[in-house]
Amino acid sequence: MAHYDLPHDHGQNIEHVLDRIPDIEAFQKVASWFDKLGDGTRLRILWLLCHCEECVSNISAAMGMSDPAVSHHLRLLRESGLIVSRRDGKEVYYKLAESEQAQILHRALDEMFEVSCPGGL
């Protein structure tokens, strides 16, 4: 256990907690995810991609947005690692990443919106 020069000892065992605190870079990465999710449109797109794989044109139609606007949001979500894409001919399809973090987020979104996944995804 590291020694922390804390000004007060309130008997809360904070040093034990501080020994387990993630590093600053980990917090920055999580903050970046929350930043990406702070936009309602991106959150709607992510919710959709939690439940199905879809192309830009169908996402655009479902969201009532232009293809370029949706592509912008998809790029930010893909850069964050929350979604992945695959190309099939001229179409690019997007879906939720299989990472543990993305799957935790999927479950959290379902809980927040009290929605069951169609098809048990």
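The values are calculated or read from the model by the stated rules, or taken from the named source; none is laboratory data. Quick caveat: nothing in here was measured; it's all calculated off a predicted structure. Note: ideal-geometry Cβ built from the backbone for every residue, glycine included; neighbour counts use all protein chains shown. Side chains included, ligands, DNA and RNA excluded: accessible areas come from the protein's heavy atoms. Shrake-Rupley method; radii C 1.70, N 1.55, O 1.52, S 1.80 Å.
Here are a few things to note about the model shown:
- Cβ-Cβ under 7 Å pairs, at least 6 apart or on other chains, region 63-74 side free of Cβ contacts under 8 Å to residues at least 24 places away in the same chain and open to solvent by 40 Å² or more (accessible area, probe 1.4 Å), far side among the β-branched types (Val, Ile, Thr) and in a helix (DSSP H, G or I): Asp67/Val56; Ser71/Val56
- From the options Glu15, Glu25, Glu98, residue that is out of contact with any Lys or Arg (no Cβ under 7 Å at 6 or more places or on another chain), at pLDDT below 95 and either within 23 Å of Met112 (Cβ to Cβ) or open to solvent by 60 Å² or more (accessible area, probe 1.4 Å) (or both): Glu25
- Residue count, region 91-116 (criterion: touching a helix residue (DSSP H, G or I) at 6+ places or on another chain (Cβ under 6 Å) and either acidic (Asp, Glu) or farther than 18 Å from Val30 by Cβ (or both)): 2
- Within region 45-56, considering residues that are of a type in the set (A, V, I, L, M, F, W, C) and either open to solvent by less than 50 Å² (accessible area, probe 1.4 Å) or outside any helix (DSSP H, G or I) (or both), the one nearest to Gly89 (Cα to Cα): Cys55
- Conditions (1) closer than 21 Å to Glu98 by Cα; (2) open to solvent by 60 Å² or more (accessible area, probe 1.4 Å); number of the one not met by Leu37: (2)
- Exactly one residue out of Arg20, Arg42, Arg78, Arg86 is under 27 Å from Glu114 (Cα atoms), open to solvent by 80 Å² or more (accessible area, probe 1.4 Å) and basic (Lys, Arg), and it is Arg78.
- If you check Asp67, Asp39, Asp88, Asp35 for being farther than 30 Å from Leu6 by Cβ, touching a helix residue (DSSP H, G or I) at 6+ places or on another chain (Cβ under 6 Å) and of a type in the set (Asp, Glu), only one passes: Asp67.
- Residues of region 57-88 that are in a helix (DSSP H, G or I) and within 20 Å of Ala102 (Cα to Cα): Ile59, Val70, Ser71, His72, His73, Leu74, Arg75, Leu76, Leu77, Arg78, Glu79.
- Residues of region 85-114 that are in contact (Cβ under 8 Å) with a residue 60 or more places away in the chain and not aromatic (Phe, Trp, Tyr): Gln101, Leu105, Leu109, Asp110.
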